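Single-structure report; data block below.
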Amino acid sequence: MLETLITIAVLHWVVLILPGFNFLLIGQLAAAGKRSTALAAVAGMTAGTLMWAILAVAGVGIVFTAHPAIRQLAQVAGGLYLLQLAFRLWRSGKAPDAAAAAAVPTHAGALRVGFVTSALNPKIALFYGSVFATAFPAHPSNTLVGLAVAMVFLNSVVWHTGLAWALSRLAVQRAYLRHFRSLNRGAGLLVGAIGLKLIAGTFLELRSPGP
């Protein structure tokens with residue numbers, strides 16, 4: 001059991017430390033001087049992660065594999081949501097007093113964005129499904145399954161909470177305020193690129209001939 005949990009933990013941490021949209025969102029909120037809002041976004045992200053981990057254990061990865069149209073629909077929805085968020089980030093670069101609007105100023109808004117961006121990313125479920133399928137024995141016990149899900153959830157909480165605290169330091173905030181226009185517009189471009197890539201990849205998959 002311990003060997004299985006270690007394998008899952010290593011694979012999960014490798015993915016966590018790679019900068020992605022979650023890192024970008026937490027960085028924007030925390031560096032804007034809103035640590036509590038960044039932590040609210042972390043709560044939403046980790047809730048979405050927990051949901052996908054549970055669904056992966058329940059076999060949603062198998063459903064996505066058997067019915068790719070469901071996964072593709074979720075990917076397009078996720079891409080469109082990211083494009084809308086990118087537009088808000090880009091507009092916030094016009095004036096300093098518009099920064100809060102793009103950064104989701106309320107705790108409820110940050111929680112919602114964090115959860116939705118995770119919930120609309122079916123690749124998380126595919127990742128967990130593949131990791132669990134690779135690491136689990138043929139007939140894993142309920143205890144092992146429960147510990148694995150709890151562990152990936154705890155990993156996400158620790159990593160993203162640590163980012164929120166580190167990126168909300170005063171030196172980071174001052175640098176953000178000095179360059180917030182460029183940073184917000186750069187973030188908007190990156191988020192938009194991620195959204196476009198998700199949508200384009202889905203349409204390329206639809207156009208490619210089946211096996």
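Restricting Leu85, Leu120 to residues that are under 19 Å from Ala43 (Cβ atoms), modelled with pLDDT under 75 and not acidic (Asp, Glu) narrows the list to Leu85.
Exactly one residue out of Ala148, Ala175, Ala171 is over 24 Å from Gly114 (Cβ atoms), more than 17 Å from the chain's Cα centre (by Cα) and either modelled with pLDDT under 85 or crowded, with 18+ Cβ neighbours inside 10 Å (or both), and it is Ala171.
For region 8-25, the tally of residues that are within 17 Å of Phe153 (Cβ to Cβ) and in contact with a helix residue (DSSP H, G or I) (Cβ under 7 Å, 6 or more places away or on another chain) stands at 8. When region 155-168 is filtered for residues that are closer than 25 Å to Ile8 by Cβ and open to solvent by 70 Å² or more (accessible area, probe 1.4 Å), only Val158 remains. Between Ala74, Ala40, Ala66, the distinction of being open to solvent by 30 Å² or more (accessible area, probe 1.4 Å) and under 26 Å from Ala148 (Cα atoms) belongs to Ala66 only.
The values are calculated or read from the model by the stated rules, or taken from the named source; none is laboratory data. All values derive from a computational prediction rather than experimental measurement. Every residue, glycine as well, gets a Cβ built from its backbone with ideal geometry; the counts of neighbours run over all protein chains shown. To get the accessible areas, we keep the full protein, side chains included, count just its heavy atoms, and leave off ligands, DNA and RNA. Shrake-Rupley method; radii C 1.70, N 1.55, O 1.52, S 1.80 Å.
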